Every structure is written in structure tokens, then in C-alpha cells.
Amino acid sequence: AGFAGADLENLMNEAAINAAAHNRQFISRKDIEQAFIKIGIGKEKKSRLISDEEKRITAYHEAGHAILFHELKDVGPVHTISIIPTGTGAAGYTMPLPGKDEMFNTKGKMLQNIIVSLGGRIAEELVFDDVTTGASQDIKQATQTARAMVTQYGMSDKFGMMCLATTENQYLDNRAGLICGEETAAQIDGEVLSIINKCYDDAMQLLIENRESLDKISEYLYEHETITGKEFMKIFREIKGIPEPEEESTKKSFMEQAMDAERQSKGNDGE
Ligand code: ZN
């Protein structure tokens, strides 16, 4: 969802390259998934050497994002989590399943996105004595979202529906220009900070509540380097004691169930 025609063409082209590289005549679902990750995240760079310590920190960082994606209802579900470095310089990534094509965002979803962004760093804080520079993109993204909420979308208590920024120069430097006095600008910073701090507290709370999952998932990630959404859910359910949903193939059809019931009722009659 959200891909324009040219994006789809690019996706299928990458998938075709992948299929050709494996001497296949046809594009498989796996080719498309790999192409999707490559386009969205950048090609994985397995050749980069990473230390054991870095790997462990990254595993916790990504597990932090993933758990929050899972816990918050308007974002996620998780598609893939990986601690293999990417060509764009990231140490790993957590990718949600792309959602529906939507005309607009909601305040609740924007807040949840900020919470997810902060989750990586918070997981590091919870587990290690120190924090890394690995969260710079997350911090930038969270701040941009909070700032847009206050200045463009009328989502702050203090300013209500007052327009505080124009997006006219967005093609020049991709930043919204403030249209207010200096004093107001300082208050905007205060509002942005308070949104981020509130989201920080929420993220911290959720990760403390889910500490066992955080440990288990980062452990699995450290060992396997990549987790699919399915594997992620399996670990999660095990911890919470939620039974596995029946696989489609093992489910009995309506007729089979009816025959079972008949056999059983005959059995009960003492035959
Ligand atoms: Zn992160």
C-alpha cells in the first residue's frame, strides 16, 4: 500500500534481478519480499564486521521497537526484524507491514509512531549502562512528527488550531517554515519537548511491562539475526501463555467435524 506505479515498477524490477541472480525463470514471493526490504531499508551488508557487543545492543534496540509496534494498536504489525547492517548505515531495522492507503493520519497514530521511534533507545537504556549513537534517525523522526503535530496539524493543547508553520519551502529544504514571533517559537519548542517526554514515559512503561519479551526476542534476534513477524508472534504468545492459533491445514472442515461428532455420539450410546 502507498506505492505509486513507478514504485511498483521499481519493486518488481528488483524482484526480477533477485530471481535472475538465482537462475529462476519466475519471480517468487520471496523475491518480492527481499526487493521490498531493499527498497524500503537498503540492501543488507552482511560483509560488515560487527562486534559481539554491538550485535547485542542492536538486538535489544530493534526488539524495543518491535515490542512497541506490537503493543500499540494503530501501528504495526511487525513484518521483519533484523540486526544485519544495511547499506544506508543502519545497524538493523524493524519493519512493520505496510498498512492501508490512508488519506490522513490521526493524532493517536502519530503519538504511537513517536513512542515506537523512542523504543529502541529506551531498550538500550533499560539493559545497558550506556547508550549509543544508533538512535539518531529515530530521534530525528520522533521530533519531526511532534513538531508537525504542534505547528501544522493543530494537535497541541497550547496552540489549538492555530497554523504556526508553512510548508511552502518544503521543496527547497524539506522543512516547514515557522510563521510566528520569537516568543511563540520558544513555546513551540516547549510543546514539542513535552510531547516527546510524554511518549518517552509511555514507551518506558510498556517496555518495563514487557521486559521478559524484550529479553527473549533480543536473545532470539542475536542468535538468528532476522525474525519474521510469524516467529515474533510465536515467541510473544509463548511468554504470555496464549495458545497458538490452529494452522489452516490442520483445521478440520465442517463435514469432518460433523462426522466426528456423529461418531462420538454413537460411541456414547455404548456401541
Ligand atoms: Zn531505532
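The values are calculated or read from the model by the stated rules, or taken from the named source; none is laboratory data. None of these values were measured; they are calculated from a predicted model. Positions of Cβ are generated from backbone atoms using ideal geometry, with glycine treated the same way; all protein chains shown enter the neighbour counts. What goes into the accessible areas is simple: the full protein's heavy atoms, side chains included, and nothing from ligands, DNA or RNA. Shrake-Rupley method; radii C 1.70, N 1.55, O 1.52, S 1.80 Å.
I'd like the Kirkwood hydrodynamic radius of the chain, using the inverse of the mean 1/r over distinct C-alpha pairs, in Å.
By the Kirkwood definition, the hydrodynamic radius is 21.6 Å.
Can you tell me, using C-alpha contacts under 8 Å and at least 6 residues apart, the relative contact order of the chain as a whole percent?
19 percent
Using the heavy atoms of the protein chains and a 1.4 angstrom probe, tell me the accessible area per residue for segment 101-148 in square angstrom.
57 Å²
Say the cut-off is 21 Å between C-alpha atoms; which of LYS30/LYS140; LYS38/LYS73; LYS55/LYS216 go over it?
Among LYS30/LYS140; LYS38/LYS73; LYS55/LYS216, the Cα-Cα distance tops 21 Å for LYS30/LYS140; LYS38/LYS73.
How much accessible area per residue does segment 18-75 have, in Å², with a 1.4 Å probe?
Dividing the accessible area of segment 18-75 by its residue count gives 63 Å².
Could you state the angle between the C-alpha long axis of helix 211-224 and the longest principal axis of the C-alpha atoms of the chain, as a value from 0 to 90 degrees rounded to the nearest 10?
Tilt of helix 211-224: around 80 degrees.
Considering Cα pairs under 8 angstrom that are at least six residues apart, work out the relative contact order of segment 1-62 and quote it in whole percent.
25 percent
Going by average Cβ neighbours within 10 Å, how do the peptides 190-197, 145-152 rank, with the highest at the top?
Taking the mean over residues of other Cβ atoms within 10 Å, the ranking is 145-152, 190-197.
When the helix-only estimate is applied to the chain (DSSP H runs of n ≥ 4, each -39,500 (n - 2.57), divided by the residue count), what is the mean residue ellipticity at 222 nm, nearest 500 deg cm²/dmol?
Calculated from helices alone, the mean residue ellipticity at 222 nm is -19500 deg cm²/dmol.
Which listed residue (GLN141, ASN13, VAL116) has the Cα farthest towards the positive end of the charge dipole for the chain, taking +1 on Lys and Arg C-beta and -1 on Asp and Glu C-beta about the Cα centre?
Towards the positive end, the residue furthest out is ASN13.
Which distance in nm do the two modelled labels at MET161 and ASP215 give, with both placed 7 Å along the Cα-to-Cβ direction?
5.0 nm
If you place +1 on the Cβ of every Lys and Arg and -1 on the Cβ of every Asp and Glu, how big does the dipole about the Cα centre of the chain come out, in debye to the nearest 20?
With Lys and Arg at +1 and Asp and Glu at -1, about 580 debye.
Could you check how much of the accessible area of the chain is carbon and sulfur, as a whole percent, using a 1.4 Å probe?
Result for the chain: 52 percent of the exposed heavy-atom area is carbon or sulfur.
I'd like the distance between the alpha-carbon centres of segment 186-214 and segment 53-69, rounded to an integer number of Å.
Rounded to whole Å, the Cα centres lie 17 Å apart.
Heavy-atom accessible area of ARG48 with all protein chains present, probe 1.4 Å, nearest 10 Å²?
Near enough 100 Å² of accessible area.
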